[in-house]
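The values are calculated or read from the model by the stated rules, or taken from the named source; none is laboratory data. Just so it is clear, the model here is predicted, and its values are computed rather than measured. Cβ placement follows ideal geometry from the backbone for every residue including glycine, while neighbour counts extend to all protein chains displayed.
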Amino acid sequence: MRTLIACLLSLLALASHADTPAARVNGVEIGVLRLERYFSEYLQAQGRAVASIRNPNLYQRLRAQALDELIDKELLWQEAQRQGIDISDAQVTARVGEVEAAFGSPAVFEQRLAQAGFDRAGFADYTRHEMAAQQVFARLSAVEEPSSAEVAAFHQANWQRLQGMQNQSDNTSVLPEHGLRLARDALVAQLQGQARQAVRQRLRDSATVERAD
């Protein structure tokens, strides 16, 4: 479901690249129109609206964060191409079908595509890019399963926070095994977050990124 929501949020970010560039990523332009539409969806995902932001500094900071995400998307797509990741037509068709079904009407879906400046073929191509980028990101940021000793050490170092998580859990068990499971999940999430950040940083360090702002 999260993947589908992410795809829906990306829908209005689709726009013609024939506008003023907001950034160039290894020579590939990210247009201002694409950024502005993505920025609107980026704010909606945070429960914000453009009109509600009164502070110019906050507005610029959030807009820069949205641009950062678009730069990361482009870098991941370029990396997917380098690695030869191939998304089949059947996979793309299935994903596009999920998005269309979420709109509840083929006519509404076509209308939203037109508003974004794309037809079905263009959206299918964009979807292929997104899926390839997600796949290469998952591959590059994969982490090894922590050992029992690592989980135990993490549990001991973070027992107060984990105890709070255990109290909020639907599982009312207070057995040590449950606490260790929570520790393992929290540790894996932490390692994955660090790995994802490291991947983003590595791709940026090896790229030529020019910002117009």
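Below are the figures for this structure:
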{"item": "Single match in Ala101, Ala114 (criterion: modelled with pLDDT of 90 or more, assigned to a helix (DSSP H, G or I) and farther than 20 Å from Lys73 by Cβ)", "result": "Ala101"}
{"item": "First in the stretch 190-202 and of a type in the set (S, T, N, Q), second anywhere and exposed (fewer than 14 other Cβ atoms within 10 Å of the Cβ), Cβ under 9 Å, 6 or more apart", "result": "Gln192/Ala142"}
{"item": "Qualifying residue in the stretch 47-64 (condition: closer than 22 Å to Gln115 by Cβ, at pLDDT below 85, touching an Asp or Glu at 6+ places or on another chain (Cβ under 8 Å) and not small (Gly, Ala, Ser))", "result": "no"}
{"item": "Subset of the stretch 11-30 that is surrounded by fewer than 19 Cβ atoms within 10 Å (Cβ to Cβ) and within 19 Å of Leu75 (Cβ to Cβ) - its residue that is modelled with the lowest pLDDT", "result": "His17"}
{"item": "Out of Asp125, Asp185, sole residue that is under 29 Å from Ile30 (Cβ atoms), at pLDDT 90 or above, surrounded by fewer than 16 Cβ atoms within 10 Å (Cβ to Cβ) and among the acidic types (Asp, Glu)", "result": "Asp125"}
